[in-house]
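The values are calculated or read from the model by the stated rules, or taken from the named source; none is laboratory data. Predicted, not measured: the structure shown is a model, and the values here were computed from it. Using ideal geometry, Cβ is built from the backbone for each residue, glycine included, and neighbour counts are taken over all protein chains shown.
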Amino acid sequence: MIVVAGGSGLLGRHVVAALIGQGEKVRVLSRDTEHARALFDDRVEVVHGDVRRRDGLDDAIVDAEMVVSAVHGFLGGRGAGPAEVDDRGNAHLVEAAAAAGAGVVLVSASGGSADHPVDLFRAKFAAEKYLRGIGTPWVIVRPPAYLETWLGVLSKTAGASGRPLVFGRGVQPIPFVSVLDVAAVVTRATTDPSDRGRVIEVSGESITMNDLARALQDARGWSGPARHVPRPLLRALSVVAAPLSPAFARQNRAALAMDTGVPRAEAPVAGPIDVPHRTLGDVLAGSTAA
């Protein structure tokens, strides 16, 4: 049995589908069981669980061989942000897995560190440290930004004008990867014992946000220059919005970090991984055909 926490999210649903395709028995741990059941019907077992609370996790993981953590609190409000989900929540999940004798595949984030300016990356880094110290078999997967996520943001902000909103100057090269490629890496890490004890950095295609916006416009037949949110405004919103909307403040802080560039943490890297590599063109072709 493989338990996938966050199995109904953007990454998790692809991991679950791939595991099912390989004939694995899968249990999805989700706070929204109705949504999870709508996604997978009776192909998986769905159980209610909240990683923010230790109670109930032992029952959800009791007979698991591997536990995949695809949870994140990046968009969470007060009490449901990275500190509660990615740090303490992952610690709860790891403890339950260790108690059940199960291994853990932790989906972290590329570039995480203890002093990263964005709380999500600090929390992911803390979860990595906790997992490696608890003694259960582990794999850590560190993906960069998802193409699908940011193409969705740019598409939404373009609206009827066809002019995406770029946060900052948009000239900083950013590693992007398709969520489908990350799902392939996570799936292999879950089922292949040779990956145990590895930190896997998923390589990405370096693209500036301006180029990403332009490629989206070309694919959709949109025209006109992209619009920009100035860096000073991003800085101001990351502070002023924090008391009222922690998630909105976090988004602005993350956008600023991506636009200015954050030093990448050094990490041991696994050997070559035989998974598909989808380019920006591939992802755009898939999204426009859908």
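Counting only strands (runs of 3 or more DSSP E) wholly contained in the range 15-132, the ones carrying 1 or more residues that are within 20 Å of Pro144 (Cβ to Cβ) and in contact with a strand residue (DSSP E or B) (Cβ under 8 Å, 6 or more places away or on another chain) occupy 66-69, 103-107. For the range 93-111, filtering for residues that are in contact (Cβ under 8 Å) with a residue 40 or more places away in the chain, of a type outside the set (Val, Ile, Thr), under 30 Å from Met258 (Cβ atoms) and buried (at least 24 other Cβ atoms within 10 Å of the Cβ) leaves 1. Within the range 156-204, being farther than 22 Å from Ser110 by Cα, among the small types (Gly, Ala, Ser) and outside any loop (DSSP other than H, G, I, E, B) holds for Ala158, Gly159, Ala160, Ser161.
Quick one: is Val67 in contact (Cβ under 8 Å) with a residue 12 or more places away in the chain, over 24 Å from Ala247 (Cβ atoms) and either out of contact with any Asp or Glu (no Cβ under 9 Å at 6 or more places or on another chain) or surrounded by 20 or more Cβ atoms within 10 Å (Cβ to Cβ) (or both)? Taking the combined requirement at face value, the residue satisfies it. Of all residues in the range 180-201, those satisfying the criterion of being among the β-branched types (Val, Ile, Thr) and surrounded by fewer than 21 Cβ atoms within 10 Å (Cβ to Cβ) are Thr191, Val199. Within the range 188-195, is there a residue that is over 24 Å from Arg27 (Cα atoms) and either of a type outside the set (A, V, I, L, M) or in contact with a Lys or Arg (Cβ under 8 Å, 6 or more places away or on another chain) (or both)? So far as the range 188-195 goes, no, none of its residues is over 24 Å from Arg27 (Cα atoms) and either of a type outside the set (A, V, I, L, M) or in contact with a Lys or Arg (Cβ under 8 Å, 6 or more places away or on another chain) (or both). Looking across the range 75-101, just one residue is in contact with an Asp or Glu (Cβ under 7 Å, 6 or more places away or on another chain) and within 15 Å of Leu29 (Cα to Cα), and that is Ala96. Criterion applied to Ser206, Ser178, Ser238, Ser223 was being of a type in the set (Ser, Thr, Tyr) and over 27 Å from Asp282 (Cβ atoms), and the one residue passing it is Ser238.
For the range 278-289, does any single residue satisfy the condition of being at pLDDT below 95 and in a loop (DSSP other than H, G, I, E, B)? Yes; the residues of the range 278-289 include at least one that is at pLDDT below 95 and in a loop (DSSP other than H, G, I, E, B).
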